[in-house]
Amino acid sequence: MACAVFADRLQLPDMLSTGNTYDIVLDSPLGKLGVLMAGAMLIRLDYIGSRTVLKPASTPPGRQVTRQLENYFNNPKSVFSLPFELHGTDFQLRVWNALTHIKPGQTMAYGELADRLQSGARAVGNACRNNPVSIIVPCHRVVAVSGIGGYSGKTDGREINRKKWLLGHEGIVGPALKISQRAPTSATQRKTQRNLPV
C-alpha cells in the first residue's frame, strides 16, 4: 500500500498554471504521464499530451515513482509504496484514503463506498474525479453498479478507455464489471469483507 499523508487543506492550486512544470514525464501504455513532486513526496500524477517531451527523474524519490509505475504496468499485482501528499477537502481525503485499500483486481461500487463513508454515490464520484494521483490512488477500481461508471469526470472517450485498460490490465473485464447487488450488511461486516476503514 502507498504511504500517504492526507493533508487537511483545500486542493493545491493548479501547479502548471502558475508556471511550474512536471518534475518527471514518462511514457506509459496509457500515454504520457506527468509527475509533480514536493521534495520526496508525490503530489500529482496527470495524463498529459503526447507531444510533451519526456523528462526522466533526477532525484531518488522521482526514480522510485518511475520504477513503481513501470512495475505496475509490467505486473498489475504490484503494490505501490510511494510517499505522497494529497490536498483536498476532509471528505475527499476520506475517499482517497479508502481507495488505497482496494486491492488490484478488485472493484467496489460507488454506492458501496458511499455507504461505508456515510455519504452519497455522487459525492464519492466527485472525489474520485478530483483524485490528484490516479493509478496510485486507484479511483479506477470504483465502478457503477451497472457497469464501468466514469473516469476523470467522463463516461466515454479517452478517459473511459483508460479506465477500461486499467481494469483489464488488473484482470477485470466484461461481465466482471457488472456488480451484483448484495443484501445490506452492517458496517462491521462490510469492513471485515473488504478490510476497509468504515
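What follows is calculated from the coordinates using simple rules that are stated; it is not laboratory data. Source: prediction; values computed, not measured. Cβ: placed from backbone, ideal geometry, glycine included. Neighbour counts: every protein chain shown.
Note on K164: aspartates and glutamates with a C-alpha under 14 Å away, same-chain residues under 8 apart excluded, are D156. Based on Cα contacts under 8 Å between residues 6+ apart, segment 18-120 shows a relative contact order of 20 percent. Among the trypsin sites (Lys or Arg not before Pro) found in segment 71-146, those both in a DSSP coil and sparsely packed, with 15 or fewer other Cβ atoms within 10 Å of their Cβ, are K77. Listed by chain and number, the aspartates and glutamates whose C-alpha is less than 17 Å from the C-alpha of K103, apart from same-chain residues fewer than 8 away, are E112, E170.
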